[in-house]
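Asks: A single structure is presented below for examination.
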Amino acid sequence: MELEALFVIGMFLTFGVLLMTGYPVAWVLGGTAVIWTLIGVVAVEDFGANLWFDYPSSMGLVPERIWGIVESETLVALPMFIFMGIMLDQSGVAEKLMKSMVKLFGNVRGGFAVTVIVIGVLLAATTGIIGASVVLLGMLSLPVMMENKYDKGFAVGTACATGTLGILIPPSIMLVLMADRLAVPEASVGDLFMGAFLPGLLLGAMYVAYAMLRPLFQPKVAPVPEGIEKITWSVVWDVAKAVLPTAALILGVLGSIFAGVATPTEASGVGAMGALLLALISGRLNLQVMNSSLQQTTRTAAFIFAIFLGATAFSVVLRGLGGDQVIEEALLGLPFGPYGVILTILFGVFILGFFLDWVEITLIILPLVAPVVQHLGFDLVWFTILFAMCLQTSFLTPPVGFALFYIKGVAPPEIKVTDIYRGVIPFILIQLVALAIVFLVPEIATWLPSVAYD
Amino acid sequence: DDLRWKMPVAFSTNLPGLGSPAAWVADNLTTASDGSIQVRVYEPGKLVPPFDILQSVSDGKIAAGYTWIGYDQGKVPAVPLFAAVPFGMKPWPYIGWYYYGGGHEMLQEVYANKGFNVHAQLCGIIGPETAGWYKESIKSLEDYKGMKIRFAGLGGKVLEKLGASVTMMPGGELYQALEKGTIDGTEFSMPAIDQLLGFDQVVKYNLFPGWHQQFTAQYMLINKDEWAKTTEAQKALVEASCTAATTRGLAEGEYKNGKVLAGFQDEGVHAEQIPRDVLLELKDVTDEVLKEEASKDADFKRVYESQQEFMETYKVWDERAYLPADL
Amino acid sequence: MTVSEHDAPKGGYTPIPVADEFLHHHTELPTTRISQWLDAAMTAIGKGASWLWLVVTGVIIYAVVSRYVFGQGSVLLEEVQWHLAGAGWLLGLAYTLVVDDHVRVDVLHERLSLRTQAWIELFGLMCLLMPFLALAVYEMVPYAISSWEVGETSQAPAGLSHRWVLKAVLALSFAMILIAALSRLLKVTALLFGFPKPIRIITGTENKEDAS
Ligand code: NA
Ligand code: NA
């Protein structure tokens, strides 16, 4: 076992170092697999290492494993939810929501922040990707909040963190990917979607509480805006009208999954069609928009699947070198008891989340730890949701935090990187508190999937 | 030199009868050979996706695999006859035909004829599956029309002919699809396994008999070059271990199913028999489908005819010798 | 790029807030004549394949509607979905490499000089990407051929036949990434060693627009 442990550490180390060069993650994974195949073969054939390792049953199996990804029906939902998110972005639905809701919440202290969070939650329930929601929320809300003298960190943190809810609240491409990798009946895409629903809303509610409470103690972060019109019935009516298409889409996608009209894969197609129709109705759909949306879907799907390709090679080589046993024994050998093992895994994922993004962690780490968790007798839905919440947090943690990159791109120039870092810290803490709540009260994740079936 | 065989499996080894024999064979071979053959089991998808076990064993990428070979009917049309046959044999006549009626030899030829470089060894068998789990009971052939159902293999083709809308959802999605009405029914396996997927919690009609799958057989596939490397003693050991695993797998299912089924009844599941006239009609359609398949592939035809011939003579014995089940 | 009350265009086309733009840091390599040519081919295939997403959407809608309205679903339609979706992203892989949209850990990378970035690129191409692709293609070609030789069909009786087609697309798509990688290699050597002759410096974002 000594040698195996050494090889496993070596492989992860190689990956980590090469990653820092900034060469694309997908190819670093694939390349590391090739390098360690070579090392493994030399160790066995030239140095007589006592390993169950050879080329054919590691790198040699890459086509079969990639074919397994190609023929996965579940994964069809991934590009479809991406296409849906991009089309929704095009439809202008969020813009209309923002404009009408600002009037509704505007004259409350912290009202703009609350508006952003409410819209963020609604958007999260329609789209499964983060890039689009962070960019959209940032573009729509930051100028308004700056105009009204909001604290820069408070404003940008709110927009940034809220945008990440989309990856947790269903539909979510992350949950699709997790279900595909877990491949067990007790944690199907549908189970995970239902399991993530309440934790997602809990986070949304905690964000809202923060946005309302902090200005109470620190009025300077969110001044009461001047010159906002009073709420009239016509304002309420405007909001209702703006919410309608979003509500319809949520009903179409989540409703059809929860009501059993469609499988999650089919619902992704229904959602894409719905978003397409919304874009059409808004009059913004033309050939050029269609073309670039489709191309962006391809590029986004391709970069995720590319990581998939690298990760599948990485995993099979790691497994060949005995990685599974090493990690299983290491985890089970921990002296903290079963809950301690879960906490250790989650802590590890939280730390990895600083440097890696959710795709690699889902593809490499989840399949390694899931059997251990199952072996310890824990509910796999509960664990996966905790895992997902850790990964959602990883979008906010520097140096590699995609939500931070996205928001930096759209923030007005007066917002500095330090404002962004300062702004997201409270939200990272909220994430950790929510994680602790779901850890202590598993029913938040497991109740909905269980009642849905009785 | 000691042989080290990595053996991916198509079913999780915690599934009684279906996956458990693989773990048993691996342990037994390693122990009984005194380590001269060491077998390491890889759970489904860990090494290679279940549907590609044949290919990767044949290509020599892995030494051995353990699978339900019916998954390969897209590559070797005749294999379903060795894996599960609608209105086919019960487990014991099947092993009778396999060991003594030339089945084992025919299977090697069937693979070789399609260019696959494998030695196949019957290494597990279970009794009938249930005819499935349904929202409503089935009273006539008409009931299949428009039914949304998950049904694998040749049986699926039969139902498709009867106007059902047949899908092939993965096991993991079935529970929810059934609960939510995305499908109206599904077959999966025998009660001891179906129980693990929780179908009894969501639909209340469990139909019998399992006309589409009276036996379900699993095989250990070994790369032929690797097989050639084994000594006579090792070959004998593989054969003996697999024969024992076949017996034990059958025993495990037979031992567990009754109790599980009784438990279902306590939870309000209706175990119903498909009416005899419906079964007769299903059999007619099945014969049609099998004849069609036979006309498309010479190996299928040969094996099918051999099985039919044996079943004719077996019937003479079967009808008379066994006590009726209700006595 | 802010959209607010006053500067929102009246109907019609709104510029797309391409989220990737804010994420991907592109190494600004010069191009070469051969690279230009290869990139154009890979990009055209990738962009063409993008239309498959619309087709998949249509197939899914058709499958759902036909199940509920006409009471017939089919294995065939399910398989058509993953065949088309699979082809969609497979054929998009090379295009994504051409426009340099694969995710990197940028922390150090964007602070490095262009030449250092190019050296990293050279190392990555020669030691990581190309060996990986070469091995994959080497294994994938026989994999597709054996599917063709046995006339592999779906394991579902009512499924699609001709599995080899998509398996060939798999091998082809990896060969295409290899071509895109080769083109990138030429650009890197053009920058570092002046061979082949560099044509002009282009940025990643421009590249995205005019590589078609
Ligand atoms: Na979402
Ligand atoms: Na991070």
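Asks: So which residues in region A:51-77 are more than 29 Å from the chain's Cα centre (by Cα) and charged (D, E, K, R), if there are any at all?
Replies: A:Asp54 - this is the single residue of region A:51-77 that is more than 29 Å from the chain's Cα centre (by Cα) and charged (D, E, K, R).
Asks: Take the residues of region A:90-137 that are over 21 Å from A:Gly423 (Cβ atoms) and among the charged types (D, E, K, R): which is farthest from ligand 1 (Cβ to nearest atom)?
Replies: The extreme case among them is A:Lys103.
Asks: Which of (1) buried (at least 20 other Cβ atoms within 10 Å of the Cβ); (2) away from ligand 1 (no atom under 16 Å from the Cβ) is the odd one out, the single condition A:Leu391 does not satisfy?
Replies: (2)
Asks: Only one residue in A:Leu321, A:Leu356, A:Leu376, A:Leu366 is away from ligand 1 (no atom under 16 Å from the Cβ), modelled with pLDDT of 90 or more and away from chain B (no Cβ under 14 Å). Which one?
Replies: Working: A:Leu321 fails: away from chain B (no Cβ under 14 Å); A:Leu356 fails: modelled with pLDDT of 90 or more; A:Leu366 fails: away from chain B (no Cβ under 14 Å).
From the options A:Leu321, A:Leu356, A:Leu376, A:Leu366, the qualifying one is A:Leu376.
Asks: Taking only region B:55-97 into account, find how many residues are without any contact (Cβ under 8 Å) to a residue 40 or more places away in the chain, more than 14 Å from chain A (Cβ to nearest Cβ) and crowded, with 22+ Cβ neighbours inside 10 Å.
Replies: Total satisfying the criteria: 1.
Asks: Could you run through region B:174-225 and say how many residues are within 22 Å of the chain's Cα centre (by Cα) and part of a helix (DSSP H, G or I)?
Replies: Going residue by residue through region B:174-225, those that are within 22 Å of the chain's Cα centre (by Cα) are B:174-175, B:185-200, B:206-223.
Filter once more, keeping what is part of a helix (DSSP H, G or I): B:174-175, B:191-197, B:199-200.
Number of matching residues: 11.
Asks: Oh, and also: Among the listed residues A:Phe347, A:Phe395, A:Phe378, A:Phe355, which satisfies the condition of being in contact with a Phe, Trp or Tyr (Cβ under 7 Å, 6 or more places away or on another chain) and either of a type in the set (A, V, I, L, M, F, W, C) or more than 14 Å from ligand 2 (Cβ to nearest atom) (or both)? Break it down stepwise before answering.
Replies: Values: A:Phe347 fails: in contact with a Phe, Trp or Tyr (Cβ under 7 Å, 6 or more places away or on another chain); A:Phe378 fails: in contact with a Phe, Trp or Tyr (Cβ under 7 Å, 6 or more places away or on another chain); A:Phe355 fails: in contact with a Phe, Trp or Tyr (Cβ under 7 Å, 6 or more places away or on another chain).
Being in contact with a Phe, Trp or Tyr (Cβ under 7 Å, 6 or more places away or on another chain) and either of a type in the set (A, V, I, L, M, F, W, C) or more than 14 Å from ligand 2 (Cβ to nearest atom) (or both) holds for just one of A:Phe347, A:Phe395, A:Phe378, A:Phe355, which is A:Phe395.
Asks: Go through region C:83-139 residue by residue and tally those that are over 20 Å from A:Phe402 (Cα atoms) and of a type outside the set (A, V, I, L, M).
Replies: Total satisfying the criteria: 19.
Asks: Another question, then. Please work out which one of (1) in contact with a strand residue (DSSP E or B) (Cβ under 9 Å, 6 or more places away or on another chain); (2) touching a residue at least 60 places away in the same chain (Cβ under 8 Å); (3) among the polar types (S, T, N, Q); (4) within 14 Å of chain A (Cβ to nearest Cβ) is the condition B:Gln195 fails and give its number.
Replies: It is condition (1) that B:Gln195 fails.
Asks: Quick one: A:Asn50 ticks every box in (1) surrounded by fewer than 24 Cβ atoms within 10 Å (Cβ to Cβ); (2) closer than 26 Å to C:Ile145 by Cβ bar one, so which box is it?
Replies: It fails just one condition, (2).
Asks: Looking only at region A:138-193, filter to residues that are within 12 Å of chain B (Cβ to nearest Cβ) and in a loop (DSSP other than H, G, I, E, B); which one of those is nearest to ligand 1 (Cβ to nearest atom)?
Replies: Ranking the candidates gives A:Ser188 first.
Asks: Search region A:203-238 for residues being touching a helix residue (DSSP H, G or I) at 6+ places or on another chain (Cβ under 6 Å) and either of a type in the set (S, T, N, Q) or under 30 Å from A:Pro264 (Cβ atoms) (or both), and hand back the single one that is farthest from the other protein chains (Cβ to nearest Cβ).
Replies: A:Met206
Asks: Another one. Would you check which residues across region B:264-282 are assigned to a loop (DSSP other than H, G, I, E, B) and out of contact with any helix residue (DSSP H, G or I) (no Cβ under 8 Å at 6 or more places or on another chain) and list them? Reasoning before the result, please.
Replies: Pass one, region B:264-282, residues assigned to a loop (DSSP other than H, G, I, E, B): B:267-269, B:274-275.
B:Gly268, B:Pro275 - these are the residues of region B:264-282 that are assigned to a loop (DSSP other than H, G, I, E, B) and out of contact with any helix residue (DSSP H, G or I) (no Cβ under 8 Å at 6 or more places or on another chain).
Asks: Can you say whether A:Phe347 is more than 10 Å from chain C (Cβ to nearest Cβ) and of a type outside the set (A, V, I, L, M), as far as the supplied structure shows?
Replies: Numbers: more than 10 Å from chain C (Cβ to nearest Cβ): yes; of a type outside the set (A, V, I, L, M): yes.
For A:Phe347, the condition - more than 10 Å from chain C (Cβ to nearest Cβ) and of a type outside the set (A, V, I, L, M) - is met.
Asks: From B:Gly146, B:Gly181, which residue is surrounded by fewer than 22 Cβ atoms within 10 Å (Cβ to Cβ), over 19 Å from B:Ala83 (Cβ atoms), away from chain A (no Cβ under 14 Å) and out of contact with any Cys (no Cβ under 6 Å at 6 or more places or on another chain)? It would help to see each step written out before you state the result.
Replies: Details: B:Gly181 fails: away from chain A (no Cβ under 14 Å).
Only one candidate qualifies: B:Gly146.
Asks: Shifting gears a bit: Tell me the residue from B:Ile125, B:Ile53, B:Ile95 that is of a type in the set (Val, Ile, Thr), part of a helix (DSSP H, G or I) and within 12 Å of B:Phe215 (Cα to Cα), please. Break it down stepwise before answering.
Replies: Numbers: B:Ile125 fails: part of a helix (DSSP H, G or I); B:Ile53 fails: within 12 Å of B:Phe215 (Cα to Cα).
Just one listed residue meets the conditions, B:Ile95.
Asks: Out of B:Ala228, B:Ala244, B:Ala236, B:Ala251, I need the residue that is in a helix (DSSP H, G or I), surrounded by fewer than 19 Cβ atoms within 10 Å (Cβ to Cβ) and touching a residue at least 12 places away in the same chain (Cβ under 8 Å). Which one? Talk me through it step by step, then tell me what you get.
Replies: Working: B:Ala228 fails: touching a residue at least 12 places away in the same chain (Cβ under 8 Å); B:Ala236 fails: touching a residue at least 12 places away in the same chain (Cβ under 8 Å); B:Ala251 fails: touching a residue at least 12 places away in the same chain (Cβ under 8 Å).
Result: B:Ala244 is the single residue among B:Ala228, B:Ala244, B:Ala236, B:Ala251 that is in a helix (DSSP H, G or I), surrounded by fewer than 19 Cβ atoms within 10 Å (Cβ to Cβ) and touching a residue at least 12 places away in the same chain (Cβ under 8 Å).
Asks: With respect to A:Ile437, is the statement that it is within 16 Å of ligand 2 (Cβ to nearest atom), within 22 Å of A:Ile345 (Cβ to Cβ) and β-branched (Val, Ile, Thr) true?
Replies: Values: within 16 Å of ligand 2 (Cβ to nearest atom): no; within 22 Å of A:Ile345 (Cβ to Cβ): yes; β-branched (Val, Ile, Thr): yes.
The answer is no for A:Ile437.
Asks: Something else about it: Can we say A:Thr384 is within 16 Å of ligand 2 (Cβ to nearest atom) and buried (at least 17 other Cβ atoms within 10 Å of the Cβ)?
Replies: On the way: within 16 Å of ligand 2 (Cβ to nearest atom): no; buried (at least 17 other Cβ atoms within 10 Å of the Cβ): yes.
Here the answer is no, as A:Thr384 does not meet what is asked.
Asks: Could we say that A:Phe197 is within 14 Å of chain B (Cβ to nearest Cβ) and closer than 18 Å to A:Leu123 by Cβ here? Even if it seems obvious, please write down each step before you answer.
Replies: Numbers: within 14 Å of chain B (Cβ to nearest Cβ): no; closer than 18 Å to A:Leu123 by Cβ: yes.
Answer is no for this residue.
Here is a yes/no grid of residues against (1) within 25 Å of A:Glu73 (Cα to Cα); (2) surrounded by fewer than 16 Cβ atoms within 10 Å (Cβ to Cβ):
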position: C:Val69; (1), (2): yes, yes
position: C:Val75; (1), (2): yes, no
position: C:Val80; (1), (2): yes, no
position: C:Ala85; (1), (2): yes, no
position: C:Thr96; (1), (2): yes, no
position: C:Arg111; (1), (2): no, yes
position: C:Met130; (1), (2): no, no
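Asks: Condition check: within 19 Å of A:Val359 (Cα to Cα), within 16 Å of ligand 2 (Cβ to nearest atom) and in contact (Cβ under 8 Å) with a residue 40 or more places away in the chain. Does A:Ile82 satisfy that?
Replies: Judged against the criteria, A:Ile82 is not a match.
Asks: Here's another thing I want to ask about it. Can you pull out every residue in region B:19-51 that is among the hydrophobic types (A, V, I, L, M, F, W, C) and within 14 Å of chain A (Cβ to nearest Cβ)?
Replies: Going through region B:19-51, the residues among the hydrophobic types (A, V, I, L, M, F, W, C) turn out to be B:22-26, B:29, B:32, B:37, B:39, B:41, B:47-48, B:51.
Listed by number, the residues that qualify are B:Ala26, B:Ile37, B:Val39, B:Val41, B:Leu47, B:Val48, B:Phe51.
Asks: With modelled with pLDDT of 90 or more and within 16 Å of ligand 2 (Cβ to nearest atom) as the only criterion, which of A:Met206, A:Met212, A:Met178, A:Met174 stands out? Quick ask: steps written out before the conclusion?
Replies: Details: A:Met206 fails: within 16 Å of ligand 2 (Cβ to nearest atom); A:Met212 fails: within 16 Å of ligand 2 (Cβ to nearest atom); A:Met178 fails: within 16 Å of ligand 2 (Cβ to nearest atom).
Going through A:Met206, A:Met212, A:Met178, A:Met174 in turn, just one is modelled with pLDDT of 90 or more and within 16 Å of ligand 2 (Cβ to nearest atom): A:Met174.
The values are calculated or read from the model by the stated rules, or taken from the named source; none is laboratory data. A quick note: this is a predicted structure, and the numbers were derived from the prediction, not measured. Here the Cβ is made from the backbone with ideal geometry for all residues, glycine too, and neighbour counts use every protein chain on show.
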